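The values are calculated or read from the model by the stated rules, or taken from the named source; none is laboratory data. Every value quoted in this text rests on a predicted model; they were computed, and no experiment measured them. With ideal geometry, Cβ positions are generated from the backbone for all residues, glycine too; neighbour counts draw on all protein chains shown. The area values use the complete protein model at the heavy-atom level, side chains included, leaving out ligands, DNA and RNA. Shrake-Rupley method; radii C 1.70, N 1.55, O 1.52, S 1.80 Å.
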Amino acid sequence: MSLTCQPIHHFPGQTRVADRSTSRIRPAAMLRAAMLPAVMLPAVMLRAAMLRAVMLRAAMLPAVIVGAALLWTGLFATTSGAAEFFTNAQASRLGLVEVWRRQIEVPLNAQSIVEQQLYVHINNPRQYVEVVRGLKTAEDTGEESADAKASETPADQDSKPQSPLAELDVLLRIPTDRVNSFGQPIGKEEAERLARNEIRRLKRRGIEARIENRTVSRVMLYTLSDDGTVDCRDAETGEPSWMVRVGERRFGYIGMGVGEEYATIVNGGNVIELDVNNGEIVTQTTTTNTPMYGAVQCEGYTIFATIRNGIEAYPLVDPTLIPFRETVAGRALKLPVIAPGSTRLAWATDQGFVYCMEAGGAEPVVLFRLKTDGIVSGRLAAASGRRFFFGSEAGQVYAVKGTRSGKVLWSRPYGEPFFEEPVVEGNQLLIRSAYGNLFSLDTETGLLTWDDVATGVDHLFGVVDGKIYATTTTSSIGVWDLKTGRRIETLTGMRPQKVLRNIATDRLYLVGSSGHVQCLRPDRPSAELPSLGKGFGEDLMELEAELVEAKPEKEVEVQEDFTPDSGADPFGGDADPFGSGADPFGGGSDPFGS
């Protein structure tokens, strides 16, 4: 049998069986290995390019978001410089100048502000040593005769300049609380030494000057936010004084009240007293009844209206004393207001009554109540001389003097409902109706002082240099002349988030949506220091005289009501009402015949 050898078939790229033992590399595998870098490189480069693009988009995302936010703000939101605050050109055109613009410490924005208050501290004034041009004359003393002072009415006193030093040519003003290189106040002696050195330098230049001492009440701005943050700063410079956070946010913050020594924060049913010098908590008291609004401080008491038709007063100094509580007819509609320079305060209720209270003396006491024609919804306006002004929903405007039993000075109808707090400026009462009409009334008679009312007024927030500043019903700010009521200018499209009504000084305060505050003053050298309104920055004068005259005043009114005009006996004088002096039973005879 013959053996036939059969050939082994193979294909290109395959290794022969006989060659396996040699372990040689296949040509096809070598080709693929050589081509692999050329094939993979474009894919790797493409993947790297895609990764770089993703990283670039991620890096650009914040910039895109910020740009979109800025675009949205510029197109749809109001900017702080153009739409909410006065520009330099607008302020200059109205005779104003910006004093400061700062951010208030609020948790979010202006919507977080619960309440803002300006307070004039008379017991902690700021002292200045001034270098004044010229030598002292008799006019600089500001003396006035006693007859001239006695002939003045309360309105004349309101419109009179506060100090003769206001118009002096001040060359240099040195505050005694200026901080030296050691962080301590320089004091009055050092300030006077610096002033004398300046006078010597001026004399070498041929300028005569002298030293004047000026004392100005310290004006502070207090802001309460909805998270319990209390921000206190100088209202003249905007520099912060202190900031604290008090209370519990879950209770809610109703309002606050500021006095000479303490600041009251109403946190739900808790009343927290802070030291106005450093913001430290002095006392914290839980009230019997829940307060409705904020609080006012008067003569050592924190006074507030409650939800249970009452008024309560808690002692500031000694919290262990029994609080004063009084039930009145109806709930208070607004916070009580204190008459400047006195201890009398008044408020209105939803039952159509206006109450007056005396906070001085041994303890507070409610003096009288007045039934009004219509409910008084707005807060009352107070002026010197214990006078209160208010309007009712029925269109009646009242002027009441806070005497022991109350005295209505005048009452006049004007046919339009009044819901807002009036403003007293000199001898003018400015009161806005629900129709946006601003009336100017004489505080002595209640008669109109303008030929016509000012229209389109929304909220009045200041009177400076004879100009009335108010927001309008057309989302702008309007300026009117105080004497005539004529509109001077309208700043179209300008509407701040909030305006802070200021009747104590000659400053305007506007609050932006972000919480910035702008302060403006008259653009003249004499207005560098604040000019205080009548009754602000003054001691509580004639307090003892008021308490002494309270009782005789009541007796006089009772005598006028019940004492007859003649001095005759209303029962017939000395005559016997039973006839003559004879015995009606038959003289002296014995009726039994004895």
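Roughly how far apart, in whole Å, are the Cα centres of the range 305-342 and the range 167-206?
46
Could you give me the percent of Cα pairs per 10 Å distance bin for the range 320-368, shortest bin first, beginning at zero and ending with the bin that holds the maximum distance?
All Cα pairs considered, the percentages come to 25, 53, 22, 1.
Expressed in nm to one decimal, what extension gain is obtained for the pair PHE251 and SER411 from 0.36 nm per residue of sequence separation less their Cα-Cα distance? All intermediate terms of the calculation are to be shown ahead of the outcome.
Numbers: separation 160, 0.36 × 160 = 57.60 nm, distance 4.19 nm.
Computed gain between PHE251 and SER411 is 53.4 nm.
Which pairs break 29 Å Cα to Cα here: LYS407/LYS498; LYS401/LYS483; LYS334/LYS498; LYS188/LYS467; LYS334/LYS407? List each step's numbers first, then the result.
Working: LYS407/LYS498 36 Å; LYS401/LYS483 25 Å; LYS334/LYS498 19 Å; LYS188/LYS467 37 Å; LYS334/LYS407 22 Å.
Beyond 29 Å between Cα atoms: LYS407/LYS498; LYS188/LYS467.
Suppose R0 equals 22 Å. What FRET efficiency, 1/(1 + (r/R0)^6) with r the Cβ-Cβ distance, do GLN90 and ARG501 give to the nearest 0.05?
Numbers: r = 20 Å, r/R0 = 0.92.
With a Förster radius of 22 Å, E is 0.60.
With the full set of protein chains in place, find how many percent of the accessible area of the range 241-300 is carbon and sulfur; take the probe as 1.4 Å.
C and S atoms contribute 42 percent here.
If you average the C-alpha positions of the range 217-291 and of the range 360-379 separately, how far apart do those two centres end up, in angstrom?
Measuring centre to centre over Cα atoms gives 26 Å.
I want to check the label-to-label distance for THR215 and THR492. Put each point 7 Å from Cα in the C-beta direction and report it in nm to one decimal.
5.2
Which distance in nm do the two modelled labels at ARG201 and GLN127 give, with both placed 7 Å along the Cα-to-Cβ direction?
Modelled inter-label distance: 2.4 nm.
Work out, step by step, the length gained on full extension between LYS188 and THR455: first 0.36 nm times the residue separation, then minus their alpha carbon distance; give nm to one decimal. Kindly include the intermediate steps, with their values, before the conclusion.
Working: separation 267, 0.36 × 267 = 96.12 nm, distance 5.07 nm.
Result: 91.0 nm gained on full extension.
If you stretched the chain out fully between ASP523 and GLN351, how much longer would it get, using 0.36 nm times the residue separation minus the C-alpha to C-alpha distance? Before the final figure, lay out the partial values.
On the way: separation 172, 0.36 × 172 = 61.92 nm, distance 4.67 nm.
Computed gain between ASP523 and GLN351 is 57.3 nm.
Using just the C-alpha positions of the range 349-421 as equal point scatterers, what log10 of I(q)/I(0) does the Debye formula give at each q in 0.14 1/Å?
So the normalised log intensities work out to -0.42.
Ignoring any ligand, DNA or RNA, what whole percent of the accessible area of the range 395-443 comes from carbon and sulfur when the probe is 1.4 angstrom?
Here carbon and sulfur together make up 41 percent of the probe-accessible area.
What share of all Cα pairs of the range 405-532, in percent, falls into each consecutive 10 Å distance bin?
12, 41, 34, 11, 2
Hey, what's the per residue convex hull volume over the C-alpha atoms of the range 175-227, in cubic angstrom?
On the way: hull volume 7.1 nm³, N = 53.
Spread over its residues, the Cα hull of the range 175-227 gives 135 Å³ apiece.
Let me cross-check GLU260: its accessible surface, 1.4 Å probe, with only protein heavy atoms counted, in Å² to the nearest 10?
Its heavy atoms expose roughly 50 Å² to the probe.
Taking a quarter of the surface of the convex hull around the Cα atoms of the range 217-357, what do you get in nm²?
Orientation-averaged projected area of the Cα hull: 8.5 nm².
Across 5 Å bins from the origin, how do the percents of Cα pairs in the range 412-460 run, short distances first?
Once binned at 5 Å, the Cα pair distances of the range 412-460 give 5, 23, 34, 28, 9, 0.
Viscosity 1.567 mPa s, temperature 4 °C: what is the translational diffusion coefficient of the range 496-535 from Stokes-Einstein with a Kirkwood Rh over Cα pairs, rounded to a whole number of µm²/s?
Values: Rh = 11.2 Å.
Translational D for this selection: 116 µm²/s.
Projected area of the range 275-381, taken from the Cα convex hull and averaged over every viewing direction, in nm²?
Numbers: hull surface 28.5 nm².
So the Cα hull casts an average projection of 7.1 nm².
Heavy-atom accessible area per residue, the range 409-532, 1.4 Å probe: how many Å²? All intermediate terms of the calculation are to be shown ahead of the outcome.
Details: 4700 Å² over 124 residues.
Each residue of the range 409-532 exposes 38 Å² on average to a 1.4 Å probe.
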